[in-house]
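Remarks on the structure that follows.
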Amino acid sequence: MDSLNALGGGVAELLKEKKHTLAVAESSAGGLINAALVAVPGASAYYLGGAVIYTAASRSGFLAIGKDEMVNIRSASEPYARLVAQRVREKLGATWGLAETGAAGPTGNRYGDAPGHACIAVSGPVEAVITMETGSTDREANMHAFARRALELLHACVEKA
């Protein structure tokens with residue numbers, strides 16, 4: 001199984017080759033996605049920035065997503081992940097936006113999602129959104145699984161572009 005840094009390196013190679021840029025907004029992965037992408041030497045060639053969007057305050061403050069845009073959308077859902085990926089891409093002027101949101105555990109979230117639930121979205125020349133369920137209550141393992149799957153999805157999308 002590839003390490004997060006190896007997956008980040010693979011994404012970095014593709015982004016640099018295509019001269020594309022990336023912005024990231026993650027939640028339950030807690031910064032692991034951003035760290036894997038910034039750990040690559042020369043990250044400034046493709047990485048424009050990222051944030052851990054963990055609360056309504058950070059969603060509003062960093063992404064300017066207000067209550068009006070959240071009508072009929074709940075966090076840890078595919079529509080929300082798609083909105084966040086689009087918004088972080090727009091805010092930073094990136095070719096690609098990547099978003100992750102979920103419930104790392106050991107318990108579920110207030111919306112009824114079980115621990116190990118995450119939604120991941122890519123916004124850019126190729127769009128994608130997925131839901132994953134690990135079935136685990138192990139918070140750290142889930143965080144790594146969410147980050148790994150986000151990097152894999154991003155890699156697949158950039159490869160198709």
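Summary of values
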| quantity | calculated |
| --- | --- |
| Residue among 54, 80 that alone is assigned to a loop (DSSP other than H, G, I, E, B), out of contact with any Leu (no Cβ under 8 Å at 6 or more places or on another chain) and surrounded by 14 or more Cβ atoms within 10 Å (Cβ to Cβ) | 54 |
| Positions within the range 145-161 being assigned to a helix (DSSP H, G or I), open to solvent by 10 Å² or more (accessible area, probe 1.4 Å) and over 11 Å from residue 29 (Cα atoms), in sequence order | 152, 153, 155, 156, 159, 160 |
| Condition check for residue 82: of a type outside the set (A, V, I, L, M), within 16 Å of the chain's Cα centre (by Cα), at pLDDT 95 or above and within 24 Å of residue 5 (Cα to Cα) | no |
| Unmet criterion (only one of (1) aliphatic (A, V, I, L, M); (2) buried (at least 20 other Cβ atoms within 10 Å of the Cβ); (3) assigned to a helix (DSSP H, G or I)) for residue 24 | (3) |
| Long-range neighbours under 7 Å by Cβ, at least six apart or interchain, first residue closer than 12 Å to residue 117 by Cα within the range 136-161, second open to solvent by 20 Å² or more (accessible area, probe 1.4 Å) and assigned to a helix (DSSP H, G or I) | 143/32 |
| Which listed residue, of 112, 105, 135, 97, is in contact with a strand residue (DSSP E or B) (Cβ under 6 Å, 6 or more places away or on another chain) and either assigned to a loop (DSSP other than H, G, I, E, B) or on the phi < 0 side of the Ramachandran plot (or both) | 97 |
| Residue in the range 96-105 that is open to solvent by 40 Å² or more (accessible area, probe 1.4 Å) and either more than 30 Å from residue 161 (Cα to Cα) or hydrophobic (A, V, I, L, M, F, W, C) (or both) present | no |
| Hits in the range 114-131 - residues which are open to solvent by less than 20 Å² (accessible area, probe 1.4 Å) and more than 15 Å from residue 156 (Cβ to Cβ) | 116, 117, 118, 119 |
| Any hit, the range 85-96, residues being of a type outside the set (Asp, Glu), touching a residue at least 40 places away in the same chain (Cβ under 8 Å) and closer than 18 Å to residue 10 by Cα | yes |
| Residue match in the range 133-144 (condition: aliphatic (A, V, I, L, M), closer than 20 Å to residue 51 by Cα, in contact with a Ser or Thr (Cβ under 8 Å, 6 or more places away or on another chain) and surrounded by 15 or more Cβ atoms within 10 Å (Cβ to Cβ)) | yes |
| Cβ pairs under 6 Å, 6+ apart, first in the range 19-45 and on the phi < 0 side of the Ramachandran plot, second open to solvent by 20 Å² or more (accessible area, probe 1.4 Å) and of a type in the set (Gly, Ala, Ser) | 24/50; 25/51; 34/50 |
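The values are calculated or read from the model by the stated rules, or taken from the named source; none is laboratory data. Note that the structure is a prediction, hence the values are computed from the model and not measured. Neighbour counts are summed over all protein chains in view; Cβ atoms, including those assigned to glycine, are modelled from backbone coordinates with ideal geometry. Remember, those area values only see protein heavy atoms, side chains included, never the ligands or the DNA or RNA. Shrake-Rupley method; radii C 1.70, N 1.55, O 1.52, S 1.80 Å.
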